Amino acid sequence: MRVGNHDYRGPADLPAVIPVFPLPGALLLPRGHMPLNIFEPRYMAMIDAALRTERVIGMVQPRFDVGQLDLGGTPPLCEIGCAGRLTAHQETGDGRYLVTLNGISRFRIIEELPGPAPYRLCRVTAAAYEEDFRADAGETGVDRAMLLATFRRYLDANKLEADWQSVERASNETLVNALSMMSPYGPAEKQALLEAENLEARAETLIALTEMALARTEGDGPARLN
């Protein structure tokens, strides 16, 4: 597959060592688009380094199952993240970067590496995620009708609207991954969507999470999309 100006044909094309951006509640998926507003100096340094090299950054959540630990700004990381390529970069003039990451593949962290950089570097492998490099992998297994029906119920319950022409034109992968990334769920739910075995399982997880949110909405009032 092609991401930006680079072809990624399989796990071997992903750099073995990448900088990682720990961000709670953030979900990047293959071929998804994630805009980021970067203002912390350590992450601006990370962007500068990525632009000089492979343009690849790993999005990963801090561990959400270990309680509130004071670890000097370096909380433990979830084992699974998603690598993205920097495809857009803009300087704002007030000390920020506006960038866009395009998802390449999920990865597993092998180890975090020490070093002088202010940002975190990890040795990773995408060997278990070969299907992430194929845009059509798992398309036929998605229950599109059920997904759309659940999505419509969610929008109606929360008095939200969607561009249904664009939704109808979207492929199953685009639809499932875009809805997963924009969903309002918490870190554990986002990690479950990321770690779903395949596209069909991700769609089923998303439907289940949305149905639970709909059930809660009946008693607590409308939920809100991020």
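The values are calculated or read from the model by the stated rules, or taken from the named source; none is laboratory data. Nothing here was measured: the structure is a model prediction, and the numbers come from that model. No Cβ is skipped: glycine too gets one built from the backbone with ideal geometry, and neighbour counts run over all protein chains shown. Only protein heavy atoms, including side chains, enter the accessible area calculation; ligands, DNA and RNA are left aside. Shrake-Rupley method; radii C 1.70, N 1.55, O 1.52, S 1.80 Å.
On alpha carbon coordinates alone, what is the Rg over Rh value for region 104-182, Rh being the Kirkwood radius?
Numbers: Rg = 18.0 Å, Rh = 15.6 Å.
Rounded to two decimals, Rg/Rh equals 1.15.
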Starting at the first residue of region 16-24, write each ³J(HN,Hα) from the Karplus equation 6.51 cos²θ - 1.76 cosθ + 1.60 with θ = phi - 60°, in whole Hz, x for Gly and Pro. 6, 10, 9, x, 10, 10, x, 9, x
Would you work out which of Met59, Leu175, Thr92 lies farthest towards the positive end of the dipole of the chain, given +1 charges on the beta-carbon of Lys and Arg and -1 on that of Asp and Glu, about the Cα centre? Thr92
In square nanometres, what is the average projected area of the Cα convex hull of the chain? 13.6
As a test of the formula, what do you get for the chain when each DSSP H run with n ≥ 4 contributes -39,500 (n - 2.57) and the sum is divided by the residue count, at 222 nm and rounded to the nearest 500 deg cm²/dmol? -10000 deg cm²/dmol
Where Asp7, Asp13, Asp136 fall by accessible area, highest first, once all protein chains stay in place (1.4 Å): Asp136, Asp7, Asp13
Global size of region 1-72 as Cα Rg and Dmax, reported in angstrom: 14.1, 41
So for the chain, averaging the separation of alpha carbon pairs under 8 Å that are six or more residues apart and normalising by length, what relative contact order in percent results? 24
Convert each backbone phi in region 94-102 into a coupling constant with the Karplus relation 6.51 cos²θ - 1.76 cosθ + 1.60 (shift: θ = phi - 60°), then list the ³J(HN,Hα) values in order as whole Hz, x for Gly and Pro. 10, x, 10, 10, 10, 10, 10, 9, 9
